[in-house]
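Q: Take this structure, written in structure tokens, and hold onto it; I'll ask about it next.
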Amino acid sequence: MTSFIPGFNSTLNPKAKFYIELAEQCSGLLQGQRNAVTNTANVSSLVYHSLLDTSVREGKPVNWVGFYLRDKANADSLLLGPFQGKPACTEIAFGRGVCGTAASQAKSVVVKDVHAFPGHIACDAASKSEIVVPLTAPDGGVYGVFDIDSSETDAFDDYDRMGLEAIAAMVVEASDF
């Protein structure tokens with residue numbers, strides 16, 4: 001499974017090991033299921049509860065994990081998909097906020113302090129940092145984004161980015177969008 005996460009190897013730190021184990025659990029959830037809603041629902045729940053319940057994130061709790069999926073009726077918009085956490089914004093335009101920026105650029109965005117991010121959309125006032133990973137199609141298009149928020153600043157690092165990018169890639173590979 002370590003080949004799924006570029007940059008992780010057999011001499012791992014605890015956070016890298018955590019993400020390898022989490023990716024293995026995601027793989028099990030995704031096996032034999034192609035429905036994108038089912039897969040994003042299960043992955044958002046697994047990731048949310050796993051990130052809440054791990055010592056490798058001591059002092060950096062998550063308060064929201066979920067997906068925004070590209071609107072089939074308006075390709076420049078993301079609609080709220082399956083998530084765990086408080087109620088969220090229902091629609092986000094490409095290029096707007098952290099989610100819209102990650103979608104329009106088709107690249108991960110890690111924000112140490114959301115209040116310093118131009119155009120940040122405050123769905124939950126308790127969120128202080130955020131990581132958003134695009135769900136990138138094989139042709140380079142974007143199916144949506146995988147969004148994780150924390151109630152603490154500077155909560156996400158390169159291990160989080162690499163681990164969550166690997167999980168997002170697994171969701172794309174396993175799902176029919």
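The values are calculated or read from the model by the stated rules, or taken from the named source; none is laboratory data. Since the structure is predicted, the reported quantities are computational estimates derived from the model, not experimental observations. Cβ placement follows ideal geometry from the backbone for every residue including glycine, while neighbour counts extend to all protein chains displayed. Note: areas computed on protein heavy atoms with side chains; ligands, DNA, RNA excluded. Shrake-Rupley method; radii C 1.70, N 1.55, O 1.52, S 1.80 Å.
Q: Can you name the number of the only condition in (1) hydrophobic (A, V, I, L, M, F, W, C); (2) open to solvent by less than 80 Å² (accessible area, probe 1.4 Å); (3) assigned to a helix (DSSP H, G or I) that LEU12 fails?
A: (3)
Q: Now, a different point. Inside the range 68-93, can you point out the residues that are of a type in the set (A, V, I, L, M, F, W, C), more than 19 Å from ALA122 (Cβ to Cβ) and open to solvent by less than 40 Å² (accessible area, probe 1.4 Å)?
A: As a first pass, look at the range 68-93 and keep what is of a type in the set (A, V, I, L, M, F, W, C): 69, 73, 75, 78-80, 83, 88-89, 92-93.
Narrowing the set further to residues that are more than 19 Å from ALA122 (Cβ to Cβ) leaves 69, 73, 75.
Answer for the range 68-93, where residues must be of a type in the set (A, V, I, L, M, F, W, C), more than 19 Å from ALA122 (Cβ to Cβ) and open to solvent by less than 40 Å² (accessible area, probe 1.4 Å): just LEU69.
Q: Moving on. Checking the conditions here, which among ILE121, ILE131, ILE167 is assigned to a strand (DSSP E or B) and either free of Cβ contacts under 8 Å to residues at least 60 places away in the same chain or β-branched (Val, Ile, Thr) (or both)? Explain how you work it out, then say what you get.
A: Working: ILE121 fails: assigned to a strand (DSSP E or B); ILE167 fails: assigned to a strand (DSSP E or B).
On inspection, the qualifying residue turns out to be ILE131.
Q: Among the residues of the range 23-30, is any over 24 Å from ASP158 (Cβ atoms), open to solvent by 30 Å² or more (accessible area, probe 1.4 Å) and not basic (Lys, Arg)?
A: yes
Q: Could you count how many residues in the range 134-151 are touching a strand residue (DSSP E or B) at 6+ places or on another chain (Cβ under 7 Å) and either free of Cβ contacts under 8 Å to residues at least 40 places away in the same chain or buried (at least 17 other Cβ atoms within 10 Å of the Cβ) (or both)?
A: Residues that pass the stated criteria total 12.
Q: Filter the range 97-113 for residues that are more than 14 Å from the chain's Cα centre (by Cα), crowded, with 19+ Cβ neighbours inside 10 Å and part of a loop (DSSP other than H, G, I, E, B) and give the result.
A: Restricting attention to the range 97-113, the residues satisfying the condition of being more than 14 Å from the chain's Cα centre (by Cα) are 97, 104-105, 112-113.
Narrowing the set further to residues that are crowded, with 19+ Cβ neighbours inside 10 Å leaves 97.
Of everything in the range 97-113, nothing turns out to be more than 14 Å from the chain's Cα centre (by Cα), crowded, with 19+ Cβ neighbours inside 10 Å and part of a loop (DSSP other than H, G, I, E, B).
Q: For VAL37, only one of the following conditions fails: (1) of a type in the set (Val, Ile, Thr); (2) surrounded by 15 or more Cβ atoms within 10 Å (Cβ to Cβ); (3) modelled with pLDDT of 95 or more. What is its number?
A: Evaluating VAL37 over (1) of a type in the set (Val, Ile, Thr); (2) surrounded by 15 or more Cβ atoms within 10 Å (Cβ to Cβ); (3) modelled with pLDDT of 95 or more leaves (2) as the failure.
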